[in-house]
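Reading through the structure tokens given below for one structure.
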Number of protein chains: 6
Amino acid sequence: MDVSARNQIKGTVKSVNKGSVMAEVEVTLPGGAELVSVITIASAERMQLAVGKEVIVVIKSTDVMLATD
Amino acid sequence: MDVSARNQIKGTVKSVNKGSVMAEVEVTLPGGAELVSVITIASAERMQLAVGKEVIVVIKSTDVMLATD
Amino acid sequence: MDVSARNQIKGTVKSVNKGSVMAEVEVTLPGGAELVSVITIASAERMQLAVGKEVIVVIKSTDVMLATD
Amino acid sequence: MDVSARNQIKGTVKSVNKGSVMAEVEVTLPGGAELVSVITIASAERMQLAVGKEVIVVIKSTDVMLATD
Amino acid sequence: MDVSARNQIKGTVKSVNKGSVMAEVEVTLPGGAELVSVITIASAERMQLAVGKEVIVVIKSTDVMLATD
Amino acid sequence: MDVSARNQIKGTVKSVNKGSVMAEVEVTLPGGAELVSVITIASAERMQLAVGKEVIVVIKSTDVMLATD
């Protein structure tokens, strides 16, 4: 599947923290940076997300803000 | 300012493409990955975004999806 | 690619309206309902979106609101 | 109330799964497709969402992505 | 229509700036604060938004971030 | 830090309701209006959010909808 979201970066799952409806997933990028994703537990389980699994982080460009120091 | 958005990654502006209301800004991350942000032109101008400028990419965790191959 | 977004519905492109940075794409669902998507022109062109093309509408569950009359 | 969100589709609540802060609500559309919404429990209770209730799914167009196979 | 979005604040349109696909609308709140909304031109025209018009600003709680100085 | 999000309004934390992954934070604006934010508990704790704390509500303009009665 080719999805329109412009931002797609490969990474590795560092942790999965399941709550009651949502799960918080930390992903380590190749350069060492980390990203946090909050998705439903249902999605995390369907995708069998677990520590060490390779994933692609997907972010729509209108959801990306920029800041300066 | 300390903002609640969990994802904050430093990068460098690679390009700024201004439309009529929105601007598309490409940012290169240290590891070489690229991210695209769509913000209003008003924000891009207020922040004086230009090629080579150092910025921080800011993304709320509920806006980050994950995918697997 | 299997993406975490819970909502994935097949449809057919009804129209593509390109602006200066963003494109507005209307999609007709099998039941006749229509959805409108706003993505970057760069994505619309990369995916070669055109009238009649079959697409999958993808929406993260935290972006779906509910209303009652 | 007439809200600017371009996507408004009628459906019927199929399930309500309440967590600790957020609730996951499945909605069946007339054509049989299903959509999942994650809203606060406070909203779900204020709107008295329950199985069988008729609702309108509301989605802002900038939150709708497209994909191709 | 009662929509699940938790944040609904009355205000008055201060300006409407139409681009090619999106429109930028400034709204003044009773306390004097201003909010900016970016919606499609199609929505702005359907709702006949114009300077001085009374509107309700609607924001989903998962789209609201917090910051501290 | 100067962030691109166009909407930044000062307010005071009225309540913090922590769930299992997400926290729901009510903020009172100077004019008396209230806004609700849903962020991760990790962010709420990092920022030491508590009743009475002064915060800045930050919202990206593409996440702001408008409605009319």
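None of the figures in this text is laboratory data; all of them are computed from the coordinates on show. Worth saying up front: this structure is predicted, and the values here are computed from it rather than measured. Positions of Cβ are generated from backbone atoms using ideal geometry, with glycine treated the same way; all protein chains shown enter the neighbour counts.
Could you look through segment A:26-38, keep only residues that are farther than 9 Å from B:Ser61 by Cβ and of a type in the set (Val, Ile, Thr), and pick out the one that is surrounded by the most Cβ atoms within 10 Å (Cβ to Cβ)? Checking each candidate, the answer is A:Val27. If you go through segment D:24-38 and pick out every residue that is more than 8 Å from chain C (Cβ to nearest Cβ) and under 17 Å from F:Val38 (Cα atoms), you end up with 0.
Return only the number of the condition from (1) under 16 Å from B:Met1 (Cα atoms); (2) assigned to a loop (DSSP other than H, G, I, E, B); (3) more than 8 Å from chain E (Cβ to nearest Cβ) that F:Thr12 does not satisfy. Against the list (1) under 16 Å from B:Met1 (Cα atoms); (2) assigned to a loop (DSSP other than H, G, I, E, B); (3) more than 8 Å from chain E (Cβ to nearest Cβ), F:Thr12 comes up short only on (2). Restricting attention to segment D:39-69, the residues that are over 17 Å from E:Ser61 (Cα atoms), in contact (Cβ under 8 Å) with a residue 40 or more places away in the chain and facing another protein chain (nearest Cβ under 7 Å) total 4. Considering only segment A:42-69, state which residues are among the basic types (Lys, Arg) and farther than 16 Å from B:Glu26 by Cβ. A:Arg46, A:Lys53 - these are the residues of segment A:42-69 that are among the basic types (Lys, Arg) and farther than 16 Å from B:Glu26 by Cβ.
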